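Following: one structure in structure tokens, then a few remarks.
The values are calculated or read from the model by the stated rules, or taken from the named source; none is laboratory data. The model shown is predicted, which means the values in this text are computed figures rather than measured ones. In this analysis, Cβ positions are derived from the backbone assuming ideal geometry, glycine residues included, and neighbour counts consider all displayed protein chains.
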Amino acid sequence: MSEGIRQTKLSGEQGRLVYYDVMSQKVTGRVKDKARAFVQKGLVSKSSKYEYSVLPIKGYNKTTYTISTRGDYSCNCQFYVKTGRYCSHCLAVMLYEKIYG
Ligand SMILES: [Zn+2]
């Protein structure tokens, strides 16, 4: 899939609906914005049947995180490990699956 198609799919009303449908019950504010940025920048990729990789956003940090979708969504980042709540990476994967899955 080309970069152009990805951008088109995410922009406009359709992208916004998908975004709210997935996220509305879980978190608010900046975590959602960050999750959306991961997908928009093409940083989310599926690495195996139950596993995704999320590359870092330039300027934030340099860590690539691994998200497991087996059972529930889980991530190896500090936020998820500490709080057990869905982090921006989990949300990015949910959004990604909703759009491309
Ligand atoms: Zn995470």
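Would you tally the residues in the stretch 57-82 being modelled with pLDDT of 90 or more and exposed (fewer than 11 other Cβ atoms within 10 Å of the Cβ)?
4
Go over the candidates VAL31, VAL54 one by one and state the one that is out of contact with any Gly (no Cβ under 7 Å at 6 or more places or on another chain), modelled with pLDDT under 90 and within 12 Å of the ligand (Cβ to nearest atom).
VAL31
Kindly indicate the residue of the stretch 86-101 that is near the ligand (Cβ under 10 Å from one of its atoms) and not aliphatic (A, V, I, L, M) and also farthest from THR63 (Cα to Cα) among those meeting that condition.
For the stretch 86-101, the residue satisfying everything is TYR86.
For the stretch 49-101, how many residues meet the condition of being part of a helix (DSSP H, G or I) and under 13 Å from the mean Cα position of the chain (by Cα)?
Number of matching residues: 13.
When TYR19 is evaluated against the numbered criteria (1) modelled with pLDDT of 95 or more; (2) touching a Lys or Arg at 6+ places or on another chain (Cβ under 7 Å), which criterion, by number, is the only one it fails?
For TYR19, the exception is condition (1).
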